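The values are calculated or read from the model by the stated rules, or taken from the named source; none is laboratory data. Just so we're clear, the structure is a prediction, and the values are computed from it rather than from any experiment. Cβ placement follows ideal geometry from the backbone for every residue including glycine, while neighbour counts extend to all protein chains displayed. SASA here: full protein model, heavy atoms, side chains in, ligands and nucleic acids out. Shrake-Rupley method; radii C 1.70, N 1.55, O 1.52, S 1.80 Å.
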Amino acid sequence: MNSFINRTISGALMLVISFICIYIKGSALIAYSIAIALLCLVELFKTFKLNDILIECTSILFSIVVLYFIGTSNKNLVLTSFSLYFLVVSIYYLFFNKINIVNLGKLIFSFIYITVPMGVFLRLGETYLLWVVFFISWGTDTFAYLFGMIFGKHKLYPSISPKKTVEGSIGGIIGSLLLLVLFNIFVLKYNFIFIIVSGILLSIVAQIGDLFASKIKREIGIKDFSNIIKGHGGFLDRFDSIIFVTPLVYILFSIFGGSV
């Protein structure tokens, strides 16, 4: 019961802070996006045990730059920053002997896994589609948790995440889809079939994002990326589905929905 209360309170607090930043936009959303990206990167670096403060700080600095340029759609500077980052970390790997090829791969993976989606996240901040990201991601997580707790019997993927159930997964899809349909009726006004198909696909991807993060933790041998958010773990535990959903929202609604 205490775990459920802690999870509810911390989840509600994160939701309020997130929605306030989305509503205000501008500098608040930029600061929010950068803060989440940096916190997730720090957790991932700690998980991977890179233990090299210089290259970690360099990655974080470049992440801020790339995230901002993706968010402001400055394509030339995005490509320039990406190329420069890979050049810098490659030179560091080649001449300083502080990291091996495995850690170099972890650095590049972390950069792409966190920075690129959060840049797209910031880009979506000028539209109503950022609300879609949250309704789908956290809607799926919340309804999957509730349905799994009440109806869960059949394990979804026990070798990766023992507590997740098929019933919870279906509940997550239904609940988040309902939120998206209501948001579409009152705000978005997209074609109903497009919204239904997109909602189902996005909810499935949200769960894949969750399972992806769970597999990393399972391989490393940890339960959560950190314990900073009571009942949820770390920031990456809370934003793992958002990281996967955000790029797909951008792709679906820009290519098939005709917006962004």
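Looking for something within 17 Å of the chain's Cα centre (by Cα) and under 28 Å from ILE22 (Cα atoms) - is there at least one such residue anywhere in the range 145-163?
No, there is no match, as no residue in the range 145-163 is within 17 Å of the chain's Cα centre (by Cα) and under 28 Å from ILE22 (Cα atoms).
Restricted to the range 227-259, and to residues there that are outside any helix (DSSP H, G or I) and open to solvent by less than 60 Å² (accessible area, probe 1.4 Å), the residue that is modelled with the highest pLDDT is GLY234.
Contact map, the range 9-33: residues that are farther than 17 Å from ASP240 by Cα and touching a residue at least 60 places away in the same chain (Cβ under 8 Å) paired with residues that are open to solvent by 20 Å² or more (accessible area, probe 1.4 Å) and small (Gly, Ala, Ser), Cβ distance under 9 Å, separation 6+ or inter-chain. Pairs shown: ILE9/GLY231; ILE22/ALA28.
Scanning the range 79-105 for residues that are in contact with a Ser or Thr (Cβ under 9 Å, 6 or more places away or on another chain) and either open to solvent by 80 Å² or more (accessible area, probe 1.4 Å) or in contact (Cβ under 8 Å) with a residue 24 or more places away in the chain (or both) returns TYR85, VAL88, VAL89, TYR92. Taken together, ASN51, ASN6, ASN76 contain a single residue that is outside any helix (DSSP H, G or I) and either under 15 Å from PRO117 (Cα atoms) or out of contact with any Ser or Thr (no Cβ under 9 Å at 6 or more places or on another chain) (or both), which is ASN51. Would you please name the residue that is surrounded by the most Cβ atoms within 10 Å (Cβ to Cβ), looking only at residues in the range 116-144 that are in contact with a Lys or Arg (Cβ under 8 Å, 6 or more places away or on another chain) and not aliphatic (A, V, I, L, M)? Checking each candidate, the answer is GLY125.
Taken together, SER203, SER159 contain a single residue that is open to solvent by less than 30 Å² (accessible area, probe 1.4 Å), of a type in the set (S, T, N, Q) and on the phi < 0 side of the Ramachandran plot, which is SER203.
Name the helices (runs of 4 or more DSSP H) wholly within the range 95-208 that hold at least 3 residues that are within 27 Å of PHE62 (Cβ to Cβ)?
Because the criterion is at least 3 residues that are within 27 Å of PHE62 (Cβ to Cβ), the helices (runs of 4 or more DSSP H) in the range 95-208 that meet it are 101-110, 116-124, 129-151.
ILE196: surrounded by fewer than 18 Cβ atoms within 10 Å (Cβ to Cβ), over 21 Å from the mean Cα position of the chain (by Cα) and modelled with pLDDT of 95 or more, yes or no? For ILE196, the condition - surrounded by fewer than 18 Cβ atoms within 10 Å (Cβ to Cβ), over 21 Å from the mean Cα position of the chain (by Cα) and modelled with pLDDT of 95 or more - is met. Among the residues of the range 214-226, those identified as part of a helix (DSSP H, G or I) and buried (at least 17 other Cβ atoms within 10 Å of the Cβ) are SER214, ILE216, LYS217. When restricted to residues that are surrounded by fewer than 16 Cβ atoms within 10 Å (Cβ to Cβ) and more than 24 Å from LYS98 (Cβ to Cβ), the range 17-70 contains 11.
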